[in-house]
Amino acid sequence: MSDEKRCPVIRFDHNSPEHSADPVGAYRELRQGPKRGWTDASGGYWVLSDYDSVFEAARDDDIFTSRRTDSGGEGLSVVIPKTPMHLHIPIELDPPDFRKYRKIVNRITAPAAIEKMRDMVERHTTEFIDSVIEQGECDLTSVIGVPSIVTIDWLGLPIEEWQRYSRAHHAVLAEPQGSPAFEQATKVDLPYLADQMWDVIRQRRAEPQDDIISYLVTQEVDDRPLTDDEVFGIIDLLVAGGVGTTASLVSQALVWLAEHTDVRQRLIDDPSLLDRAVEEFLRFFSPTQALARTVTTDVDFHGCPMKAGDRVLLAWSSANRDETKFDNPDEIDIDRWPNRHTAFGVGVHRCAGSHLGRLMSKTLISSVLERMPDYTVDFAALKRYPRQGVNMGYVSIPARFTPGKRLLPVTETV
Ligand code: HEM
């Protein structure tokens, strides 16, 4: 990166405690001011906050690459600062190579493939709710472990380890870098889980089973089988994408519905409203707040003098509150339609797991509304993630409800 001045210069750091205290306010200030700007935080990066810039940059892979480069340090290219990670495929590739791998992922994440997972998603959801339903109180974040266990089960990784996968991937995105939880995740848990994943990949090559890892080891690119390294890069991305995002969405939606019991009653009375409601929760809460790209060539982008190698943050969450695109963007309107939100990203890298994310969110929200229709949340005891710059959500959601009956025998529950 060259030392030339960038402008406009803004005060912004999506990893700071100030940002975490009010991410919506920080982005609103930027949108109502210069919209785009350069911050010196984390070695320096551009921030794009308005819908049009985020949309345009996300669709221009030539200028805004997702490829792993050495700009901004070593590690995962789509976050700022980069975190140490194995190369994630296909999110860290650009077309044309990108397409060869995305095609392989699309086959297992297309609507028809995800529909076949419905029974499994419903079973895990029932098990989780069963584990607390007789008590009349629980931490709702424990129920929201469902996306993690579904992802681990689907891939074919050891199901009893689901919490360790969930905790480690969550810590990398939501704990402050250098904190004990971050260090535990990057230095202990992720290397341990990586060894486990390598083992499973080798086992599935030898003895295929009915799971995603067995499917991946039989796939080909350029007329040759995927290497173990490539399979690892795909699985690691599916775990990272699968475990935190849906939990973040559902936890925020459930807290909001506890505050807005009139809307909750409408959803209980007419579950068909949930389809649009989930799109609106996606827009409003934007579980993946912002992701990064790297500039490939010197360019003037809407008046910003960008230089090759500059890092750029695309704020999906801010685009989703752009008042020029959404009426009353700071209000949740579960009937909002059309709803062209950017919560799943934009362009070729648009979320490969969107259908699974929607299935899990709807199953979880509708099951909680059906089985705990009167739940209340202890708002004073709510605890948010320490860092809200990439994934927003809660560490703890203490809740009470009228106890109900289990649906499965005790032995089958988590
Ligand atoms: C509410 C749930 C989810 C949200 C909000 C979300 C958000 C996103 C976003 C914003 C991107 C774009 C990345 C970029 O442009 O750099 C993305 C990509 C991706 N997501 Fe999701 N995601 C969700 C659920 C899932 C699930 C359940 C999975 C998998 C099991 C998943 C797997 C992926 C993958 C593989 C990519 C990379 C796609 C590519 O590069 O072609 N996501 N997601």
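The values are calculated or read from the model by the stated rules, or taken from the named source; none is laboratory data. These figures come from a predicted structure and were not determined experimentally. FYI the Cβ positions are ideal-geometry reconstructions off the backbone, even for glycines, and counts take in every protein chain you see. Surface areas here come from the heavy atoms of the whole protein model, side chains and all, with no ligands, DNA or RNA. Shrake-Rupley method; radii C 1.70, N 1.55, O 1.52, S 1.80 Å.
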Residues whose placed amide H lies under 5 Å from that of VAL221, excluding near-sequence neighbours: LEU226
Selection from GLN209, GLY156, THR227 lying farthest towards where the dipole of the stretch 119-261 points positive, charges on Cβ: THR227
Given charges at beta-carbon only (K, R positive; D, E negative), |dipole| of the chain in Debye: 280 debye
The stretch 44-132: Cα Rg divided by the 2.2 N^0.38 Å rule of thumb: 1.50
The stretch 171-236 - percent of accessible surface contributed by carbon and sulfur, probe 1.4 Å: 50 percent
Size of charge dipole - the stretch 309-376 - debye, nearest 20, with Cβ of Lys, Arg +1 and Asp, Glu -1, no other charges: 440 debye
Charge dipole of the chain about the Cα centre (unit charges at C-beta), most positive-ward option of SER42, VAL410, VAL105: SER42
Cα-based Rg / Dmax (Å) for the stretch 202-354: 20.2, 57
Separation between Cα centres of the stretch 1-47 and the stretch 267-345, rounded to whole Å: 17 Å
Solvent-accessible area of THR151 with every protein chain in place, 1.4 Å probe, in Å² to the nearest 10: 0 Å²
Rounded to 5, percent antiparallel among DSSP beta bridges of the chain: 85 percent
Two-site FRET efficiency, ASP330 against GLN163, from Cβ-Cβ distance with R₀ of 35 Å, rounded to 0.05: 0.50
Length added when fully stretched, VAL263-GLU183, from 0.36 nm per residue minus Cα-Cα: 24.7 nm
Members of LYS35/LYS362; LYS35/LYS82; LYS100/LYS362; LYS35/LYS307; LYS5/LYS35; LYS82/LYS103 lying beyond 29 Å, as alpha-carbon distances in this model show: LYS35/LYS362; LYS100/LYS362
Accessible surface, per residue, of the chain when the full set of protein chains is kept, probe 1.4 Å, Å²: 43 Å²
For the chain, the Rg and Dmax computed from alpha carbons only, in angstrom: 21.1, 66
Dipole of the chain, positive direction: furthest Cα of ALA381, LEU238, TRP316, with charges on the beta-carbon: TRP316
Helical contribution to [θ] at 222 nm, DSSP H n ≥ 4, -39,500 (n - 2.57), averaged over the chain, rounded to 500: -13500 deg cm²/dmol
Candidates THR402, THR296, THR246, ranked by Gaussian network fluctuation over the chain, Cα under 10 Å, top entry: THR402
Segment THR297-ARG202, extension gain: residue separation times 0.36 nm, minus the distance between their alpha carbons: 30.1 nm
Inter-label distance for ASP275 and VAL9, nm, one decimal - labels placed 7 Å from Cα along Cα-to-Cβ: 5.1 nm
Choice from ASP189, ASP211, ASP270 showing the highest fluctuation, given a GNM over the chain with Cα pairs closer than 10 Å: ASP270
Simple spin-label estimate for VAL24 and ARG400 in nanometres, 7 Å along Cα-Cβ: 2.7 nm
Computed FRET value (nearest 0.05) for TYR192 with ARG118, which takes r as the C-beta separation and R₀ as 35 Å: 0.65
